[in-house]
1. Looking at region 7-29, can you tell me whether even one residue there is among the aliphatic types (A, V, I, L, M) and over 22 Å from C388 (Cα atoms)?
2. Do you know which of the residues in region 100-122 that are of a type in the set (G, A, S) and part of a strand (DSSP E or B) is farthest from P77 (Cα to Cα)?
3. How many of the residues in region 66-83 are within 15 Å of V115 (Cβ to Cβ) and either assigned to a loop (DSSP other than H, G, I, E, B) or not assigned by TED's automatic domain parsing to the domain that holds I103 (or both)?
4. So, restricting to helices (runs of 4 or more DSSP H) that lie completely within region 132-249, which ones have at least 1 residues that are over 23 Å from I86 (Cβ atoms) and modelled with pLDDT of 90 or more?
5. Quick one: what pairs do we get from region 259-282, first residue touching a residue at least 40 places away in the same chain (Cβ under 8 Å), second among the acidic types (D, E), C-beta under 8 Å, 6+ apart or different chains?
6. Across region 71-88, what is the total count of residues that are within 20 Å of S223 (Cβ to Cβ) and buried (at least 20 other Cβ atoms within 10 Å of the Cβ)?
7. When you look at P63, is it surrounded by fewer than 21 Cβ atoms within 10 Å (Cβ to Cβ), in the same structural domain as K242 (by TED's automatic domain parsing), under 26 Å from S200 (Cβ atoms) and touching a residue at least 40 places away in the same chain (Cβ under 8 Å), yes or no?
8. Would you please name the residue that is farthest from the chain's Cα centre (by Cα), looking only at residues in region 1-19 that are of a type in the set (S, T, Y) and in a helix (DSSP H, G or I)?
Amino acid sequence: MSKWYLAWKNLMHHPSRFIFNILLIGMAVSLLVMILLINKQMSQHFEKNASDVDLILCAKGSPLQSVLCNIMHIDAPTGNISISEIKPFLNPNHPIIKKALPIAIGDSYQGYRIVGVTEEYFDWYSLGIERGQFFNNDFQLVLGSEVASKYELNIGDTLQSSHGLVGIDDEHHHNNDLIVSGILNRSGGIQDRLIFISISSYWNLHEHEVDHEHIHHEQNVLSNQELMNYDKTITSLLVKFKGTNIQSLNFGRSINENTNVMAVNPAIELNRLYELTGSASELLNLIGIILSILAFIAIFINLSQALNERKFEIALIRIGGGSRSYIAQLLIFEGFILSFMGIILGLVLGHIILFFSASKYHLSDKYGIQGHYFCIDEIYVLFIGLVCGLVATILPVIRASSQNIHHTISKI
């Protein structure tokens, strides 16, 4: 008879105990896996979107809010800044700045943000067109792949934007129709959930509400250099330096001290965000570890109880020629089966719970968290869990190996 089969039959001799242990291990592992997946995806999401930005120039306010708004697109703007205040930084020959990217934020469509940009934006983030073309006139827009898919929008379709970042009130719709000119390739980033228009289109939408007779229609999309000729406002300017030196390191501080504009370093603010969320994550990790310890203590108790109940059976096996190693292998196999099934259940449960949670609470939209994401660290969870399960069998194995056969048989 196979040792694996015999180990399985021994476990199923008490199915309720077996199921309880599997569920306990599964709950502990699922919690650890969810924490692992959330932390991993959030950090990747933030780092991916912030990696190309060295500095954000925006209206004075909360630095963290400016990062969440202008890079992650999950918060409100701190205000607007005048182009005249940041005009020198739009100069392509600036000695420190390699790239500058103006952004205008304030409108939405069905909750998806509409972002006013220049043509440099798409090169900055290496975004390609799947269908159609980039906008080349006012009131044309380019859709992120997720927006186009969700609302089944195609080239030539029209939509009306809403003032504000929620966009659910028909009374706040702009009157101008926006025409879909292109749909972006899926990038896996926040851009999949954004809608892009030219900055001149953004201005015209808002000027239309103020003055119907003085709308300025641009024939072509404005470049960074052309923006310098306008005395209007934008939300922020994303900056990429030519290199890291004393000048670039002091650039932000100089802006904050000598202008009405706020300079924000995204890397510093994201580190602060990790510090804010780190304590909660550590608490959940601690709970998961405690549950894991309890789960593997349960394995130890299960095997110990089984050993006490089967001591006569084990004695008979020994008399029949079964070696100590044979008995030890049976107990190790039982511990392995319990650990393996519980860990696999936990991995599956973790992904399923995260999948439905991400869908219900829109975690994918805000933080890039998805249930079907697989992390290589999950293999380590499986490996460490199996090792812990085998460690839990050590004492029962020692007890079984040191059992006095004659003393046990004499009690029959």
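1. Quick first cut of region 7-29, residues among the aliphatic types (A, V, I, L, M) only: 7, 11-12, 19, 22-25, 27-29.
Right, trim to over 22 Å from C388 (Cα atoms) and you get none.
No, region 7-29 contains no residue that is among the aliphatic types (A, V, I, L, M) and over 22 Å from C388 (Cα atoms).
2. Our first condition is that a residue be of a type in the set (G, A, S); within region 100-122, this holds for 100, 104, 106, 108, 111, 116.
Applying the additional criterion that residues be part of a strand (DSSP E or B) yields 100, 104, 106, 108, 116.
On the way: A100: 18, A104: 9, G106: 8, S108: 13, G116: 13 Å.
Step by step, filter region 100-122, then rank; the result is A100.
3. 8
4. On the way: elements: 145-151, 199-210, 224-227.
Where helices (runs of 4 or more DSSP H) fall fully within region 132-249 and carry at least 1 residues being over 23 Å from I86 (Cβ atoms) and modelled with pLDDT of 90 or more, they are 145-151.
5. Taking only residues 6 or more apart or on different chains, the pairs are T259/E85; N260/E85; V261/E85; N265/D54; P266/D54; L270/E47.
6. Start the filter on region 71-88 by keeping residues that are within 20 Å of S223 (Cβ to Cβ), which leaves 81-88.
Applying the additional criterion that residues be buried (at least 20 other Cβ atoms within 10 Å of the Cβ) yields 81, 86.
Selection size over region 71-88: 2.
7. On the way: surrounded by fewer than 21 Cβ atoms within 10 Å (Cβ to Cβ): yes; in the same structural domain as K242 (by TED's automatic domain parsing): yes; under 26 Å from S200 (Cβ atoms): no; touching a residue at least 40 places away in the same chain (Cβ under 8 Å): yes.
So P63 does not fit the description; no.
8. In the first step, residues of region 1-19 are kept if they are of a type in the set (S, T, Y); the result is 2, 5, 16.
Among the residues that remain, those that are also in a helix (DSSP H, G or I) are: 5, 16.
Details: Y5: 42, S16: 37 Å.
Looking at residues that are of a type in the set (S, T, Y) and in a helix (DSSP H, G or I), I get Y5.
The values are calculated or read from the model by the stated rules, or taken from the named source; none is laboratory data. Everything numeric here is computed off the predicted structure, so don't read it as measured data. Glycine gets a Cβ as well: all are built from the backbone with ideal geometry, and neighbour counts include every protein chain shown.
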